[in-house]
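Heads up: the structure comes next, in structure tokens.
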Amino acid sequence: MTKGLAKKESKRMTCHKKYKIRKKVREHNKKLAKTLKNSVKTKRKIDGHIPNLAPFKEELLLEAVNESEAKNEAKKLRKKNPPMIVTKPKAQTPQAAAPKSVSAHVTMSQCDVIIWVIDIRSPVECFCDKTFTELSDAKKSMVFVLNKVDLVPKSVANQWYSLYSSKAPTFVLKSTEIILTECEQIISALKATLARFGGAKPLLAHLKQISSEEKKIGVIGGPQVGKSCVISTILKQCGRTKAKKSTQTKLGENLKLVTVPGMIEMEYKGVLNVLNDIHNYMNYPTEVVTALTRCISKQDAMFTLLSLITVIPGV
């Protein structure tokens, strides 16, 4: 009787255990899916889904194989020789470049003080009577700069300096440092000449003494006389650089320098015409002498020769 009345164990599962099993199964399935995803899958060879009974099956299969081989070769070539990537340059906004020179009349109308640059090798060709009268009528303060003084003898420089200083304040500048050092070795007396009335320091001191009011300084001259060199020399002496956006650079409290020179339109027909085109005669030095002799008249040549004869003692 006691055996029949004993309770049997229930086959029902507790909820805690049931949910735990489900969780474990889910985690196991996720792990399997992850391993399958990361594993390398081998592609099955597909025959193009062409049925066996289809006509010309072998020819179609050969075409498919050839196409796949051609694609593989093209990929290999691309890897060896990658295509060049051409990038289009960005469209730059055109910036208005500052002009190298303007007309002398523009500079004369805008500026209060005019620096007239003259090549001392042939000052007569660089001088223009019309421009001089215009400046004197307009009552503009004028300064002459005899440039390239180291390329002429001391006596010639002194004569031209005395002539131009009678018209307006005159200063002299050398052409380059290298030429000056070579010239000083030959002509030692040139040092005293340059120390007396040469260089950019006396020129700047004179410009500052002109007036206490604010004034603009402009540079004019004929072609290839060294206008830009004079501007750069003045800026270097003041410790300034040429302004990129504007055409004016401040030298001091009351002085502004116009960095665009004014061009006096003239045509050289004498010595300067030959000297400016000297690069064309480099291979033929005798032609330089003949070209220079054409620029000098017979009377001037005889006068200089006679003056030299009178100077030489015992002749």
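The values are calculated or read from the model by the stated rules, or taken from the named source; none is laboratory data. Only a predicted model underlies this, so the values are computations on that prediction, with no experimental measurement involved. Neighbour counts are summed over all protein chains in view; Cβ atoms, including those assigned to glycine, are modelled from backbone coordinates with ideal geometry. For accessibility, only protein heavy atoms count, side chains too; no ligands or nucleic acids. Shrake-Rupley method; radii C 1.70, N 1.55, O 1.52, S 1.80 Å.
List of remarks:
- Calculated FRET efficiency, Leu36 to Asn81, Cβ-Cβ distance, R0 = 51 Å: about 0.85 to the nearest 0.05.
- Out-of-range pairs (alpha-carbon distance over 19 Å; input Lys140/Lys174; Lys174/Lys216; Lys140/Lys269; Lys148/Lys256; Lys236/Lys256): Lys140/Lys174; Lys174/Lys216; Lys140/Lys269; Lys148/Lys256
- Treating r as the C-beta distance of Val106 and Thr293 and R0 as 45 Å, the FRET efficiency rounds to 0.70.
- Between amide H atoms placed 1.01 Å from N, distances below 5 Å from Ile50 occur with no residue 5 or more places distant or on a separate chain.
- Lys75 contributes about 120 Å² of solvent-accessible surface, heavy atoms of the protein only, 1.4 Å probe.
- Fully extending the segment from Lys216 to Phe132, taken as 0.36 nm per residue of separation minus the present Cα-Cα distance, adds 28.4 nm.
- Overall, segment 110-178 carries a charge dipole of about 140 debye about its Cα centre when +1 sits on the Cβ of Lys and Arg and -1 on the Cβ of Asp and Glu, all other atoms neutral.
- Added length on full extension, which subtracts the Cα-Cα distance from 0.36 nm per residue, Lys71 to Gln237: 52.6 nm
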